[in-house]
Structures are given as C-alpha cells and as structure tokens.
Amino acid sequence: MKYLVGLCMCVVAASAMGQTLTTAAPNNGSGGVFLDLTPTSTTLFVTQFDVAFSGTVGTTAPVEVWTRSGSYVGFTGSSAGWTLTQTVSAVRGGAAVWVPMVLTTPIVLGPGTTGVLLHCTTTTTGQGIRYTGTSAAPPQTTWSNADLTLFSDVARTGGVPFGGSQFTPRTFSGVVYYSAVPEPMTLAGLGIGFAALLRRRRAK
C-alpha cells in the first residue's frame, strides 16, 4: 500500500513539474508586449513570467494580464474579445534584469493558441515592460521546446493597454514558467488501482 501511495505521489508530482521557455534579452521598451502561446499537445498552466522593466530599481511595477482565445495577431488595438484576467506586481530590477512576475491565477493553455498581453500600467512615462527588437535589427519572433511554442512580434508603448504607439517587430523578452496538467486517465487509473488494493486489504 505504501508503495502505491508513493507511486501516486510521484506520478502526480512529475505531471505538475514546472518547466520554462526562455526568449532573448531586452534591448528596447517600454510599455507592454503581446505573445501567442501554443501547447504542443498537453494542456498547460502558465504560472509566472520573468520580464525586465524600465524605471527606478526597487520600485513596484503593476502589470495587467490580458488573454484571448486565439492569436493576438490583428487584435492589438482594442480590448474587444480580450479578458483582463488579473493585475499583478513585480519589483523593478534594472533595464536588463528579468524579475519574477507570479500570476495570482494561472493561464490555462488548452488546445490551440492563446493570445496574451502583458502591459505595465505605471503612470510614469518610460517605466514599462522592456522587450526586444529595433527596426534596424529585426529580432527572432518564435521560440519553442517539446511542450510549448511562443510567438511574439508586437509591442505598445505607454501605460494604457492597447493604447500608445504600436511597434513591430518587437518581441517578448523573458521567461515563461508553466506546468503540465495531470492527465485525467492517469489519475483515474491510479485511483482505481488504489481502491482495488484497499478492497483486497479489507477482505483479508
């Protein structure tokens, strides 16, 4: 019985193990940045972003997190079709330093693509999220690993989501943290096995 309980715990822990996807260092900004996240197969929970901010080191940076079902492409000028999922805070660490921005509610990535906007809503000009790219040096726009593909090529300046000036190609600079959702069939199978073992013990 102890062995099976241990096995259940190991499988669940492995299923929820955190992973990351990292893009390029920042060289421009600031304001907000759009990105598309597409899981390869398994549903994923996005739990944190690491990003860099302009502005005074040690000060608080408020960030609105917007999502939409489907790509952000063609939908960067208005909040129509988008959902404001949460407002979170980070502490500025310097223009080239990625700092953690932990989500209060994970973003669930199901089948297909989910568009995301991360926009710093500070009222002080030039203290938003930094990103990558200039017109003279177009950046890489797509990153992927075995679990997840990230596409990003649009940023907006200022402190108002969907407002300010739009620039492209500008890409998300930072780290995406995610974990896999345990497969329902895996958990169901473990539950059936555990229940059967309990019945056998009681029968004895």
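The values are calculated or read from the model by the stated rules, or taken from the named source; none is laboratory data. Predicted, not measured: the structure shown is a model, and the values here were computed from it. Note that each Cβ is placed from the backbone with ideal geometry, even for glycine, and that neighbours are counted across all protein chains shown. Heads up: the accessible areas ignore ligands, DNA and RNA and are worked out on the full protein's heavy atoms, side chains in. Shrake-Rupley method; radii C 1.70, N 1.55, O 1.52, S 1.80 Å.
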Taking the conditions exactly as written (closer than 22 Å to residue 157 by Cβ and of a type in the set (Val, Ile, Thr)), does residue 63 satisfy them or not?
yes
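Can you spot a residue in region 182-201 that is assigned to a loop (DSSP other than H, G, I, E, B), modelled with pLDDT of 95 or more and open to solvent by less than 40 Å² (accessible area, probe 1.4 Å)? Give the steps one after another, and end with the answer.
The first filter runs over region 182-201 and keeps only residues assigned to a loop (DSSP other than H, G, I, E, B), leaving 182-183.
After this cut, where a residue has to be modelled with pLDDT of 95 or more as well, the list is none.
There is no residue in region 182-201 that is assigned to a loop (DSSP other than H, G, I, E, B), modelled with pLDDT of 95 or more and open to solvent by less than 40 Å² (accessible area, probe 1.4 Å).
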Can you tell me how many residues within region 122-143 are more than 28 Å from residue 40 (Cβ to Cβ) and hydroxyl-bearing (Ser, Thr, Tyr)?
6
